[in-house]
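The values are calculated or read from the model by the stated rules, or taken from the named source; none is laboratory data. Bear in mind that the values here come from a model prediction, so they are computed numbers and not experimental data. Counting neighbours? That spans all protein chains shown, and the Cβs are built from the backbone with ideal geometry, glycine included.
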Amino acid sequence: MRISAVLVLVLLLAGCGGTQSTSQFGEVPLVLGPEASADEAGIFLATQRGYDTAEGVTLLVERSGSADFRVVTKPPEGCVTVLAIVRPDKLVLCADEVILQDERSKVLAVARALARGYTQAQLEPEEAVNAMTEEDPELDRQALSTQLDDAASTWTAGAKYFGELAPGPGRDPSIAREASTDA
């Protein structure tokens with residue numbers, strides 16, 4: 001009888017943790033360009049597999065609007081480049097400069113989740129295509145797969161790690177470097 005009471009107590013305590021949010025930073029909108037492309041595969045794989053929530057953020061992928069995080073070819077004013085997605089810096093993740101300054105750990109969490117998503121997308125391209133087409137069933141699976149075959153190598157071409165950035169104005173290469181050491 002005593003063992004049963006201890007077992008019930010352990011199960012109850014284990015259940016308490018399951019009802020709390022695991023997202024330390026909450027929902028984080030991430031704005032992408034208006035058209036889907038294979039260069040976004042790592043983002044969708046990261047959200048499908050929960051790499052984002054494992055890092056404490058819940059990425060909300062959007063095609064338009066304003067957000068503290070954007071995947072862009074040219075960062076708007078006030079958005080600091082923190083991660084190169086397509087090298088050499090043809091597609092980047094940028095973070096609002098105030099968020100970068102005030103919530104660096106949130107920026108690192110987003111960078112870590114994306115680094116993991118892109119790394120896995122290179123290793124598992126078919127799964128990455130599945131993640132994108134599950135999110136948007138109207139995407140052409142074959143065309144996306146062909147694009148991904150061409151695109152995946154550009155994510156790390158000539159880089160020491162995914163996301164590597166050269167220093168310069170409007171950039172913080174330490175985020176990608178730090179995210180890569182945690183991956």
**Request:** Tell me, yes or no, whether region 133-143 has at least one residue that is within 16 Å of Val86 (Cα to Cα), of a type outside the set (Val, Ile, Thr), outside any helix (DSSP H, G or I) and modelled with pLDDT of 95 or more.
**Result:** no
**Prompt:** If you go through region 34-55 one residue at a time, do you hit one that is buried (at least 20 other Cβ atoms within 10 Å of the Cβ), under 28 Å from Gly170 (Cα atoms) and polar (S, T, N, Q)?
**Reply:** yes
**Item:** Number of the condition not met by Glu77 [criteria: (1) more than 15 Å from Phe162 (Cα to Cα); (2) of a type outside the set (Val, Ile, Thr); (3) in a strand (DSSP E or B)]
**Value:** (3)
**Prompt:** When you go through (1) under 20 Å from Thr47 (Cα atoms); (2) surrounded by fewer than 21 Cβ atoms within 10 Å (Cβ to Cβ) one by one for Ser153, which number turns out not to apply?
**Reply:** (1)
**Item:** Condition broken by Val92, with the remaining ones in (1) touching a Lys or Arg at 6+ places or on another chain (Cβ under 9 Å); (2) within 18 Å of Glu135 (Cβ to Cβ); (3) of a type in the set (Val, Ile, Thr) satisfied
**Value:** (2)
**Asked** Quick check: is even one residue across region 122-134 under 26 Å from Ser66 (Cα atoms) and hydroxyl-bearing (Ser, Thr, Tyr)?
**Response** yes
**Fill in**
Within region 40-66, residues under 22 Å from Ser105 (Cα atoms) and modelled with pLDDT under 95 come out as Ser66
**Item:** From the options Ser37, Ser21, residue that is modelled with pLDDT under 95 and over 10 Å from the mean Cα position of the chain (by Cα)
**Value:** Ser21
**Message:** Need the failing condition index for Ala121 against (1) more than 15 Å from Asp39 (Cβ to Cβ); (2) in contact (Cβ under 8 Å) with a residue 12 or more places away in the chain; (3) surrounded by 15 or more Cβ atoms within 10 Å (Cβ to Cβ); (4) not aromatic (Phe, Trp, Tyr), just the number.
**Reply:** (1)
**Complete:** Of Ala46, Ala41, the only residue that is in contact (Cβ under 8 Å) with a residue 60 or more places away in the chain, over 21 Å from Asp140 (Cβ atoms) and not basic (Lys, Arg) is Ala46
**Asked** So, of the residues in region 86-103 that are under 16 Å from the mean Cα position of the chain (by Cα) and more than 15 Å from Asp172 (Cβ to Cβ), which turns out to be surrounded by the fewest Cβ atoms within 10 Å (Cβ to Cβ)?
**Response** Val86
**One residue from Ala176, Ala95 being small (Gly, Ala, Ser), modelled with pLDDT of 95 or more, part of a strand (DSSP E or B) and closer than 24 Å to Glu27 by Cβ** = Ala95
